[in-house]
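Input: a single structure, listed below in structure tokens.
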Amino acid sequence: MSASLPRVSASVAMPKGSLQQVFDNLRAAGYTLVGPTVRDSAIVLDEIDGLDDLPQGWTDEQQPAHYRLKKAPDNQYFSYGVGPHSWKQFLHPSRLRLFSVEKNNGSWTIRPSQEPPPRYAFIGVRACDVAAIGIQDRVLIGSEFRDPHYAARREQVFVLAVNCSHSGATCFCASMKTGPKVTGGFDLALTELPDIFLVEIGSEAGAEVLGDVPWEAATAFDLGRASRVIQRAERQDGRHMLTDDLPDVLYENLESPQWDEVATRCLSCANCTLVCPTCFCTTVEDVSNLRATSAERIRVADSCFNRDFSHVHGGNSRPTIRSRYRQWLTHKLASWIDQFGTSGCVGCGRCITWCPVGIEITEEVNAIRAKGGK
Amino acid sequence: MASEARPKLAVYKFSSCDGCQLALLNLEDELLSLVGAVEIAYFLEASSATLPGPYDVALVEGSVTTAEDVERIHAIRKDAKCLMTIGACATTGGIQALRNWKDVNEFIRCVYARPEYIHTLKDSTPISKHVKVDLELNGCPINKVQALEVLTALLQGRAPHLPPHAVCMECKRRGTVCVTVAQGIACLGPLTHAGCGALCPSYNRGCYGCFGPMENPNPDSLAAHLLSTGVSRSHVIQLLRGFTGYSDAFRAASDKLERIAQ
Ligand code: SF4
Ligand code: SF4
Ligand code: SF4
């Protein structure tokens, strides 16, 4: 029984209702809980209070340009895939005031944005999204050029991950080697079984949160059941992408006729980049008042699909949809590796589901490979 | 700023509902500072007192639908250093441009008891078809925050911030769940110029395209996708022929769908 705290890397069994106690302990430790909840016909990420806010008994159906919320055949808490939101909206918000300036008696005062970032506990982070957070860590705080706003949020995050029991028709985490099992980067990782949660302890902070929660050491039977749940999810991955010949196959086919073909379908609407959990580009907007006595600088999410993004002195370096789609895909899957040492894609499938015309990154790569004779 | 140095502003109305002028008057809190910064020399919706031109900035609401309109817009252009159109009517011909696909005389016969009193042009056209326009502010009606931004930028001599990308950007930034993908509601957002803050999708409606085409619209692709998901051709044509249906991009796409149907 739970007389002492479990060891890091141990797996324990916990009654399902005790997850509420874990939430209470996190809140008592000063965390703001964000997790999956049903809103606007989808499972979104938002602040949650307790178990009642989780999408218990709900699942989703995903296809290119198609998402439907549906009643699940079981009554589990985590029987669905990733939705339209990702954790980057909390770590790398799409709108952030950087500073404001004000003129008083002829002199200017600069005020940095004072809002202290919340201390978030992320509830129900999937393996692909744990990997995506790892990628944003490399990009935004992994070199000498650190984004202080991301760092301030990231450093205090508690990650309660969940191993996927169902993967969707647009998922390809197995191809990208990011899931469906969470292998690191978490404080606690749950696997949901019909009667219990199997909990893997990922850190001291994770062990401490279990404090007064009743747990028992996991039996071989429980561990076996949990690994079968994850294997089933892996078999269900709806899409696959051959990665062995990436990035070369893309660099060798920069003039593929497929780029012209996809440009007839792509709307350059930027949805794919905004739902992608690794895309990180931003721009700044300066707003001033009419009397020119105050101004603020706001950072907002941007996208390589927008014209102004590639506007440089003398013109636009990517004036066509063809050039923008090619930039996006080759950056995700090829030059990202040169730049940051990992792929920019974790196989979450969001760009496929949420593209209004259902363009599939996996199919585009296959078509480029086929037309290139490889 | 000394009062004689205030730039002179004129606001004109053509064929329109006055909604964009009302959006300007709705600036409320900012209206007082605006009056301090510019001299409102001609704005009949707000005051019958007018000052003679020339004007530094002319804001034009409404589309051109009569022979007198054509003469008047040329006179206004001559009198204005900077001419800016406000709203869907002035920038694309407006909802009244739906008549451009029909015989306007039939409408006149159906609607008016004494049709002989009505003198109108066959088409409703945007201001830019007649005179050079320096800046177009989209929307049906315009977004008052954007209107203030443009006037502020003009006064401060900087470029106004009016991003020409799709409404989808605004949808995603505010965290709205896409109504097209999650509910199968046809939405013009991916083709439409940002500026409204993605208002309609946040109320579970598809975008009606009030702000006109975005920077590089691809309506043929969206139309083909909607047809493939079972939306009828007539519905797609109707969707494209809304408040900004006579804009080049939306008109070309709806005409093409109509030709294929015939
Ligand atoms: S791939 Fe799809 S989501 Fe991305 S810009 Fe093109 S149409 Fe929009
Ligand atoms: S590129 Fe698409 S599948 Fe890959 S991480 Fe981004 S949204 Fe997910
Ligand atoms: S609801 Fe409309 S505007 Fe919003 S993302 Fe979807 S298609 Fe774009």
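No value in this document is a laboratory result; all are computed from the given coordinates. Since the structure is predicted, the reported quantities are computational estimates derived from the model, not experimental observations. Note: ideal-geometry Cβ built from the backbone for every residue, glycine included; neighbour counts use all protein chains shown.
Comparing A:H311, A:H149, A:H331 in a Gaussian network model of chain A, where Cα atoms under 10 Å apart are tied by springs, the biggest mean-square fluctuation is seen for A:H311. Listed from fewest to most Cβ neighbours within 10 Å, the set B:V181, B:V104, A:V284 follows the order A:V284, B:V104, B:V181. Listed by chain and number, the aspartates and glutamates whose C-alpha is less than 13 Å from the C-alpha of B:K81, apart from same-chain residues fewer than 8 away, are B:D56, B:D134. With a ≥ b ≥ c the root eigenvalues of the C-alpha gyration tensor of the protein assembly as shown, is it rounded (a/c under 1.5), prolate (a/b larger than b/c) or oblate? Prolate shape, in that a/c is at least 1.5 and a/b is the bigger ratio.
Karplus-based coupling profile of the stretch A:229-243, in residue order and whole Hz: 4, 6, 4, 4, 4, 4, 5, 7, 2, x, 10, 9, 9, 6, 10, with θ = phi - 60° in 6.51 cos²θ - 1.76 cosθ + 1.60 and x standing for Gly or Pro. Mean-square fluctuations from a GNM of chain B, with a 10 angstrom spring cutoff on Cα atoms, peak among B:I86, B:I118, B:I142 at B:I118.
Which of A:R95, A:R111, A:R146 moves the most in a Gaussian network model of chain A with Cα springs under 10 Å? Among A:R95, A:R111, A:R146, the largest mean-square fluctuation in the Gaussian network model of chain A belongs to A:R111.
Rounded if a/c is under 1.5, else prolate if a/b is larger than b/c, else oblate: which is the stretch A:95-252, with a ≥ b ≥ c the root eigenvalues of its Cα gyration tensor? Please list the in-between numbers first.
Working: a/c = 3.18, a/b = 1.51, b/c = 2.11.
It comes out oblate by the Cα gyration axes.
Classify chain B as rounded, prolate or oblate, taking a ≥ b ≥ c as the square roots of the eigenvalues of its Cα gyration tensor: rounded when a/c is under 1.5, otherwise prolate if a/b is larger than b/c and oblate if not. Taking the square roots of the gyration eigenvalues as a ≥ b ≥ c, chain B is oblate. Any idea what % of Cα-Cα pairs in the stretch B:8-156 are farther than 23 Å? That tail contains 36 percent of the Cα-Cα pairs.
DSSP finds beta bridges in the protein assembly as shown, and of those with both partners inside it, around 65 percent are antiparallel.
Ignoring the sites themselves, chain B has its longest run without chymotrypsin sites (Phe, Trp or Tyr not before Pro) in a DSSP loop having at most 11 other Cβ atoms within 10 Å at B:1-111.
Could you pull out the pairs from A:K177/B:K172; A:K71/A:K181; A:K332/B:K144 whose alpha carbons sit more than 31 Å apart here?
Correct reply: A:K332/B:K144.
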